[in-house]
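Peer 1: Questions regarding the structure given below will be posed in turn.
Taken together, the values in this text are just the output of simple stated rules run on the coordinates, not laboratory data. Note that the structure is predicted; figures quoted are calculated from it, not measured. Cβ coordinates were reconstructed from backbone atoms using ideal geometry, including for glycine residues, and neighbour counts include every protein chain displayed.
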Amino acid sequence: MPFIDLDLSKRLERAEGNACMQFAEARRRIYPESGAEWMECAGAYVVFDGIESPVTQTFGLGLFESLAVEALDEIERFFRIRGAPVMHEVSPFAGVPVYDLLCSRCYRPREISNVLYRLIDDEPGAIPPHISVRVVGSEDAELWARTNARGWASERPDFEAFLLQMGAIICARKGSPSFLAAIDGQAAAAGSLAIHEGVALFAGAATVPEMRRRGLQTALLRARLAYAREHACDLAMMVAEPGSESQRNAERGGFRVAYTRIKWRLQS
């Protein structure tokens, strides 16, 4: 395994930032009225995907360049003129000066997440014959979105419309394949992948409630690992809430925690 250091964090954070930038671009293509936009400032990707979107934030702040007050001013203006909250997903490798600057400007912690990674080296293992996994095309984007939404909305049905829209955008991203898993021909689980400079970001995996605990997540993981390996990736990454079922599933699949990061929000 590679050392967990600044260089590794740069690769992982850039991969996620690139995926979210692609998401905003896909939203702008599908919904031009959304105003989705992004820019690069002080080495960070600054993404606006809508006022309430979880993608609306910065990625890589303080990792690629030292963070100056003037750059932070520019980033804050970018969000404020769009009426969005100002949020930054910050790696611990950005260092204490970044945290100190954020605290001095009335930022507060909003969320904690674990970034996990693993090498993509060996064959990922076989998929059981009764399970099939395939990359979906545009003709199956709606089926993928419905399956994904059913998996995520089982406990929050009021989120289903939001999740269906998110699913359509995920399928529209460029260079980011979406995977559909089926049992005996019945769509049962969905997952996505975003690839950037040898790093494969695994995200969005969900199983419909009645099909859980039947090996679908393992099959999705193996299919995506195989795809990433075939496309010259050497690292895989996931992001999960500390101690969550998602983290446990990732660790069962060979992932290990690289570091814990904090999402900061500017208090209004």
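Peer 1: Sort the following peptides by mean Cβ neighbour count (other Cβ atoms within 10 Å, averaged over residues), highest first: 251-261, 185-195.
Peer 2: With the highest mean Cβ count within 10 Å placed first, the list reads 185-195, 251-261.
Peer 1: If you work out Rg/Rh (Cα atoms, Kirkwood Rh) from the coordinates, which of (1) 1.06; (2) 0.96; (3) 0.99 do you get?
Peer 2: Checked against the structure: label (2).
Peer 1: For residue 213 and residue 4 in the same chain, what is the full-extension length gain: residue separation times 0.36 nm, less their Cα-Cα distance, in nm?
Peer 2: Working it through step by step, the gained length comes to 72.0 nm.
Peer 1: If you add up the charges near residue 43, with Lys and Arg at +1 and Asp and Glu at -1, over every other residue whose beta carbon is less than 13 angstrom from its beta carbon, what do you get?
Peer 2: -2
Peer 1: Right, next: Could you work out how far helix 216-230 tilts from the main Cα principal axis of the chain, as a 0 to 90 degree angle to the nearest 10?
Peer 2: 70 degrees
Peer 1: Now for a separate question. Return the calculated 222 nm mean residue ellipticity for the chain, to the nearest 500 deg cm²/dmol, obtained by summing -39500 (n - 2.57) across DSSP H runs with n ≥ 4 and dividing by the residue count.
Peer 2: Helices in the chain give a 222 nm mean residue ellipticity of -11000 deg cm²/dmol.
Peer 1: Please give the contour-minus-distance gain from residue 37 to residue 104: 0.36 nm per residue of separation, less the Cα-Cα distance, rounded to one decimal in nm.
Peer 2: Extra length available between residue 37 and residue 104 comes to 21.4 nm.
Peer 1: Give the long-range amide H neighbours of residue 200: residues separated by 5 or more places, or on another chain, with amide H under 5 Å away, using H modelled in the peptide plane at 1.01 Å from N.
Peer 2: Close amide H contacts, sequence-distant or interchain: 235, 236, 237.
Peer 1: Something else: Applying 1/(1 + (r/R0)^6) with R0 = 41 Å to the Cβ-Cβ distance of residue 122 and residue 76, what FRET efficiency is obtained, to the nearest 0.05?
Peer 2: So, using R0 = 41 Å, E works out to roughly 0.35.
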